[in-house]
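Colleague: First the structure, which I've put down as structure tokens, then a few questions once you've had a look.
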Amino acid sequence: GYGGTTNTAEVNSSTILDRNISLKFNADVNESINWLFTPPSDIKFKVGENMLVNYKAKNLSKFNTTGTATFNVLPEKVGAYFIKTQCFCFEKQTLNAGETIDMPVVFYIDPSISEDPSMNDIEEITLSYTFFKYIE
């Protein structure tokens, strides 16, 4: 990730606050890999609500290809409160020639965000991934 690196957790959130967040998604592919990578539709959800979204990836090449994703959250200051419990980005991904797969992300916004006065202006977040060819 970049400045907006997220956190991870082994367990889901158990507290949901009455505060809405809009989440936009972005999906990019580096020229090193011949994949089509598409984001889910934008959503609105509550702070602390456990969410599941699926990005989609398709290998456009005639060869099996392995990729790895970097990620970023904007605004950067919210990265510490964006908690992923499951993500395709935790491991390299191999797609067969022409294969299309769903790539899940399970996440929540840490309810402790409400205790940080510098986060009071956060109403919209962007989660962005970029796929690169995996080189061993």
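Colleague: Which of (1) touching a residue at least 60 places away in the same chain (Cβ under 8 Å); (2) among the small types (Gly, Ala, Ser); (3) over 14 Å from residue 130 (Cα atoms) does residue 61 not meet, given it meets every other one?
Modeller: Going through the list (1) touching a residue at least 60 places away in the same chain (Cβ under 8 Å); (2) among the small types (Gly, Ala, Ser); (3) over 14 Å from residue 130 (Cα atoms), residue 61 breaks only (1).
Colleague: Sticking with this structure for a sec: Looking at the stretch 66-136, what strands (runs of 3 or more DSSP E) fall wholly within it and have at least 3 residues that are farther than 16 Å from residue 53 by Cα?
Modeller: Numbers: elements: 82-87, 93-95, 100-109, 124-133.
Output list reads 93-95, 124-133.
Colleague: Another question about this same structure. Just to be sure I understand, how many residues within the stretch 9-49 are assigned to a strand (DSSP E or B), surrounded by 15 or more Cβ atoms within 10 Å (Cβ to Cβ) and small (Gly, Ala, Ser)?
Modeller: Of the residues in the stretch 9-49, 1 are assigned to a strand (DSSP E or B), surrounded by 15 or more Cβ atoms within 10 Å (Cβ to Cβ) and small (Gly, Ala, Ser).
Colleague: In the stretch 54-72, which residue that is at pLDDT 95 or above and buried (at least 19 other Cβ atoms within 10 Å of the Cβ) is farthest from residue 126 (Cα to Cα)?
Modeller: Residues of the stretch 54-72 that are at pLDDT 95 or above, as a first pass: 54-69.
Narrowing the set further to residues that are buried (at least 19 other Cβ atoms within 10 Å of the Cβ) leaves 55, 57, 59, 65, 67, 69.
Details: 55: 14, 57: 19, 59: 25, 65: 27, 67: 22, 69: 16 Å.
Among those that are at pLDDT 95 or above and buried (at least 19 other Cβ atoms within 10 Å of the Cβ), it is 65.
The values are calculated or read from the model by the stated rules, or taken from the named source; none is laboratory data. All figures in this text were calculated on a predicted structure; none of them were measured in a lab. Cβ sites come from the backbone with ideal geometry, for glycine too, and all protein chains shown count toward neighbours.
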